[in-house]
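Worksheet: one structure, shown below.
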Amino acid sequence: MGALVELKVLSFPFHAFGGEIPSEIWGLEKLEVVDFEANLLSGFLPSNLPRSLRVLNLASNLIRGEIPLSLSSYIRLETLDLSGNQLNGTIPGFVADFLNLRELYLSSNQLSGSIPDELGDGCRSLQHLDLSGNILVGSIPGSLGDCSELRSLILSSNLLDDVIPPELGRLRKLQVLDVSRNCLSGPVPTELGGCFELSVIMLSNPYNPTILSDNSSNVDADEFNYFQGRINENITALPNLRVLWAPKAMLQGEIPSSWGTCESLKFVNLGENLFTGGIPKAFGQCQNLKFLNLSSNKLTGWLGQNLPVPCMDVFDLSGNRLSGSIPSFNLKSCPSSKLLLDDLVSGYSSFFSYTTLAAISFDMYDFGDDITVFHNFGQNKFTGVLPSLPLSTDRYRKKAVYAFLANGNNLVGPLSDVIFNKCNEVKAFIVNLSNNWISGQIPTEVGAMCLPLVVFDVSRNNITGVIPRGFGFLEGIISLDFSRNHLEGEIPSKFDNLKHLQYLSLGKNNLKGNIPAGFGRLHHLKYFDLSSNYLSGEIPTDLVNLKNLTIFLLDNNNLSGIIPLNLARMTSLTKFNVSFNNLSEPLPMNASMLTCDSVLGNPLIHSCPVNTVSVPSLSCRQGCSTQDDTDSSPVRPTNDSNNTGFSTIEIASIASAAAVVSVILVLIVLYIYTRKCAPRFAAQSSRREVTLFTDIGAPVTFESVIRATGNFNASNCVGHGGFGATYKAEISPGVLVAIKRLSLGRFQGVQQFHAEIKTLGRLHHPNLVTLIGYHLSEEEMFLIYNYLSGGNLERFIQERPKRAVDWRVPHRIAMDIACALSYLHDHCVPRILHRDVKPSNILLDNYKAYLSDFGLARLLGNSETHATTGVAGTFGYVAPEYAMTCRVSDKADVYSYGVVLMELISDKKALDPSFSPYGNGFNIVAWACMLLRQGRAREFFMEGLWDVGPHDDLVETLHLAVRCTVDSLSIRPTMKQVVQRLKQLQPSTC
């Protein structure tokens, strides 16, 4: 190829070429255009290019390294596209010398540092600037307002802070402005109203199209823009405005009433802000509006009939304070989609379609290429009867998936045919009318009227009558919820035809008769609730064939017989409840989901030691539960005057009341006894008893602990912490435990200690050290944990230079710690804060990490050995707001975790002695921020890690650690978000 000396254009995009670009190409002196977009080319950017080169497109390859200084000599460049590579370092200031440069694309790399101020000095020809998807910090230069030819400015997905510079209002030709997914604040400058050609304004964007396209349920992703004030009318009235996207941006005030002629307006997303007032009437004139999301604000007032809802793909007003009736919108024909998106706007079109799916948040149905229409009126104060569906059916020709949501309002009247009369005009129909005041019966013809029905939720209403047999013909239905109504009669036998059914809830009705045979053929069923009815007969044995079932509720019925003995075959089952029936023994063997609580109130079952009504204990929910059976809806009056007998629930309530009264009497007697006999009671409290939560296969007594530790001999001490020393103890041959001996007098009271420690004893997670038991007396106090032989993370970091470097090891440790904290924060009721996350409190066993000392800060108070004043925690790991104000929150644990993560991937301690030249207060967090700001991220990582680990994942991990340690609590991620991000950075196992 080097012999083609006259060659001017070399273009091979999308050919999957690999290896490095042949060096002889760069010797072709007449070459003007080089286009190798979307290949697999690797190596570094060349230092020598043809002087005549005008276009260099190496987008979407594997090019790495920094942008070389030698590139500054090629001032004839008009297009430079290096997006989608693995470039690092900073954006060089010499790009301002490319006076002919029209297009500069550096997105989706690992560039750090700030945007050069001088970029605005030499941008007289620049039309498109895309720096998104990097690690850029600092402010947006106001000098960009001098780039008078600029048409698109895309700076999303960085770490830019400060405000949107008002100088951008001078960009008269600007069409696309995207500053989403940064850390911007301040007001939205009114000067943007001077950008008369502006079509797309992206101020915030919590929806990640990349994640959505991978069918992930996580749509929140790195959005930390929080603006102040309102959006000015001179922005919303821009004549060419097509997209205004600003969800979760903390905007407030009233939504502007002026939207210009709005002939071009197609997408408006102002959801999850703080807007007040009503919905502007001007939206009624926006006939081309396809997407309007005003959900989760504080909007009031009524809806107008002129809103073009029937022609909108997404109309979401949920979570406001709107009242009045849902009108029958004027069903005029929808305008044809004549507004074609040009190249600048079309890049966002796929994102908008993904956002539509995210709005439905329904992962049971495969939407494929179907048109999705989503109208959500839920969680408001709407009254009146159900309206006609606001759907223009002639527009979709049976190709649409239509979702109509009006749950959580005050709608009344019957469930009339009006809700179903257009059902067969669409491909799939989703309906949610739950938590209203709808009464009457379900239309008997629903099976014939609405074959495309896939989701039907009318729970928490006042519906009476029977369940129509026609539902048994809806073979495509996936989710069916009739719970908490007044339905009577038997369960239709035809339900076994619903072969796609995944969710069935008929609980808390007045259903009677037997459970029909055939439910065992519903192999997709995941949630099955028949609780709180009057069902009788035996539990069908074929139900054990439901291999995907996770929640199975049959409690509070009149069922008899035995529980199917092969229940253990239902391996996916996480919650099983048959309490308060008339079931008898024998019980199934090896069924882990079967507990005493799940068979409570069956008088013929005697296997559990206490089979009576009990007060639910404080517990933690394992993992992310699908749905519990608690009722969070408001209590509603019901007319049960015709029911003169006591239901099973009422009997249980009476028994509970009697039990409570008995307990109160016992407590009164005990109180009097302890007041009169205090000395004797104190003497008895010092008995040497050990309370166990877990059976370890060997007897554990006070004497065996003292003997195994050598009376807490220093030779058995394996660690010291803020709450006491830890000892290794071999209780019996081969059975090792760890004994944490606590300082006497560190707790506030005996009763509080017992209550708190029992709560901790119920916690079980793969990454928490197991609390086996405890002892408390006047002379001794200790906790018993499982013994882990790998030492703690502090020692692991100190001894790391002796081991081979492997990125998978620190990633796994980071993930384990994050999962443990996420469990404590998000899955425990109430949540548990650690308050002293640090390497010495993280134990290891074969490189698996376990969090220890959780809950002890609350249990025992602040440690006297902690290097802080008045707060639990340790200097270097304590969040600044905690140290300053003693304000406790889960975000303090997040900060501590971020510091630990930094130590894990670097060679430095939180307060490393090497930081002393930088002055007092300089710590590992400040060091990380300094290196990122200066584009020197590589220097942060421990020796050898940069060489073996994927650079982009390492930098993203550092980026995550920095976000965990920012001062603003609202910007710090939750531990659940940290876990999700680490999963995305999962290293290869090969």
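The values are calculated or read from the model by the stated rules, or taken from the named source; none is laboratory data. Keep in mind that what you see is a predicted model, and the values were worked out from it rather than measured. We place every Cβ from the backbone using ideal geometry, glycine too, and count neighbours over all the protein chains shown.
Scanning segment 187-201 for residues that are farther than 29 Å from V966 by Cα and in contact with a Cys (Cβ under 9 Å, 6 or more places away or on another chain) turns up nothing. A single entry from V805, V750, V809 fulfils the requirement of being at pLDDT 90 or above and either on the phi < 0 side of the Ramachandran plot or aromatic (F, W, Y) (or both): V809.
The lone criterion from (1) in a loop (DSSP other than H, G, I, E, B); (2) surrounded by 15 or more Cβ atoms within 10 Å (Cβ to Cβ); (3) within 31 Å of the chain's Cα centre (by Cα) left unmet by F528 is number (1).
Restricting attention to segment 578-595, the residues that are of a type in the set (V, I, T) and crowded, with 17+ Cβ neighbours inside 10 Å total 1. Residues in segment 152-196 that are modelled with pLDDT of 95 or more, out of contact with any helix residue (DSSP H, G or I) (no Cβ under 6 Å at 6 or more places or on another chain) and of a type in the set (D, E): D178 only. Of the strands (runs of 3 or more DSSP E) lying entirely inside segment 1-82, those containing at least 3 residues that are not polar (S, T, N, Q) span 18-20, 33-35. Looking only at segment 152-161, decide whether some residue is polar (S, T, N, Q), part of a loop (DSSP other than H, G, I, E, B) and touching a strand residue (DSSP E or B) at 6+ places or on another chain (Cβ under 6 Å). Within segment 152-161, one or more residues are polar (S, T, N, Q), part of a loop (DSSP other than H, G, I, E, B) and touching a strand residue (DSSP E or B) at 6+ places or on another chain (Cβ under 6 Å).
Among the numbered criteria (1) at pLDDT 75 or above; (2) assigned to a loop (DSSP other than H, G, I, E, B); (3) in contact with an Asp or Glu (Cβ under 8 Å, 6 or more places away or on another chain), which single criterion is violated by F275? Among (1) at pLDDT 75 or above; (2) assigned to a loop (DSSP other than H, G, I, E, B); (3) in contact with an Asp or Glu (Cβ under 8 Å, 6 or more places away or on another chain), F275 violates only (2). Closer than 21 Å to N581 by Cβ and either over 33 Å from the mean Cα position of the chain (by Cα) or modelled with pLDDT of 95 or more (or both), is that true of S483? Against the criterion (closer than 21 Å to N581 by Cβ and either over 33 Å from the mean Cα position of the chain (by Cα) or modelled with pLDDT of 95 or more (or both)), S483 qualifies. The residues of segment 557-587 that are assigned to a loop (DSSP other than H, G, I, E, B), within 12 Å of G601 (Cα to Cα) and out of contact with any Leu (no Cβ under 6 Å at 6 or more places or on another chain) amount to a single one, F580. The set of residues in segment 243-289 that are more than 20 Å from P187 (Cα to Cα) and among the β-branched types (V, I, T) comprises T261, I279. Of the residues making up segment 218-225, not a single one is modelled with pLDDT of 90 or more and surrounded by 17 or more Cβ atoms within 10 Å (Cβ to Cβ).
Condition test on D806, is it assigned to a loop (DSSP other than H, G, I, E, B) and either within 29 Å of the chain's Cα centre (by Cα) or touching a residue at least 40 places away in the same chain (Cβ under 8 Å) (or both)? So D806 fits the description; yes.
Applying the set (1) in a loop (DSSP other than H, G, I, E, B); (2) buried (at least 16 other Cβ atoms within 10 Å of the Cβ) to Y823 leaves exactly one unmet item: (1).
Within segment 1-53, being surrounded by fewer than 13 Cβ atoms within 10 Å (Cβ to Cβ), of a type in the set (V, I, T) and farther than 17 Å from R76 by Cα holds for one residue alone: V5. In segment 59-67, is there at least one residue being farther than 26 Å from R936 by Cα and not hydrophobic (A, V, I, L, M, F, W, C)? No, segment 59-67 contains no residue that is farther than 26 Å from R936 by Cα and not hydrophobic (A, V, I, L, M, F, W, C). Screening I25 against (1) among the aliphatic types (A, V, I, L, M); (2) over 46 Å from the mean Cα position of the chain (by Cα); (3) closer than 26 Å to C123 by Cα leaves a single unmet condition, (3). Report yes if K427 is modelled with pLDDT under 80 and among the basic types (K, R), otherwise no. No: the conditions fail for K427. Considering only segment 260-275, I want to know if a residue exists there that is closer than 14 Å to N320 by Cβ and β-branched (V, I, T). No, that holds for no residue.
Yes or no: segment 107-121 includes at least one residue that is modelled with pLDDT under 90, outside the structural domain of E939 (by TED's automatic domain parsing) and in contact with an Asp or Glu (Cβ under 8 Å, 6 or more places away or on another chain). Scanning segment 107-121, I find at least one residue that is modelled with pLDDT under 90, outside the structural domain of E939 (by TED's automatic domain parsing) and in contact with an Asp or Glu (Cβ under 8 Å, 6 or more places away or on another chain), so the answer is yes. Taken over segment 435-487, the criterion of being among the basic types (K, R) and either in contact with a strand residue (DSSP E or B) (Cβ under 8 Å, 6 or more places away or on another chain) or crowded, with 19+ Cβ neighbours inside 10 Å (or both) is satisfied by R460, R484. Selection of segment 797-818 for residues being over 17 Å from G855 (Cβ atoms) and in contact with a helix residue (DSSP H, G or I) (Cβ under 8 Å, 6 or more places away or on another chain) yields I797, V805, D806, W807, P810, H811, I813, A814, M815, A818.
Every residue, every condition in (1) out of contact with any His (no Cβ under 9 Å at 6 or more places or on another chain); (2) buried (at least 20 other Cβ atoms within 10 Å of the Cβ), yes or no:
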site	(1), (2)
G919	yes, no
F940	yes, yes
T965	yes, yes
Q986	no, no
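Within segment 82-101, being surrounded by fewer than 21 Cβ atoms within 10 Å (Cβ to Cβ) and either within 40 Å of the chain's Cα centre (by Cα) or without any contact (Cβ under 8 Å) to a residue 24 or more places away in the chain (or both) holds for G84, Q86, G89, T90, P92, G93. The criterion of at least 2 residues that are under 31 Å from the mean Cα position of the chain (by Cα), of a type in the set (D, E, K, R) and within 30 Å of L824 (Cβ to Cβ) is met, among helices (runs of 4 or more DSSP H) falling completely within segment 906-990, by 951-964, 975-984. As for segment 414-435, it holds no residue that is within 26 Å of K290 (Cβ to Cβ), touching a residue at least 60 places away in the same chain (Cβ under 8 Å), outside any strand (DSSP E or B) and within 33 Å of the chain's Cα centre (by Cα). Against the conditions (1) modelled with pLDDT of 65 or more; (2) buried (at least 17 other Cβ atoms within 10 Å of the Cβ); (3) among the β-branched types (V, I, T), V345 satisfies every one except (1). Considering the conditions (1) under 27 Å from S112 (Cβ atoms); (2) modelled with pLDDT of 90 or more, L71 is excluded by exactly one of them, (2).
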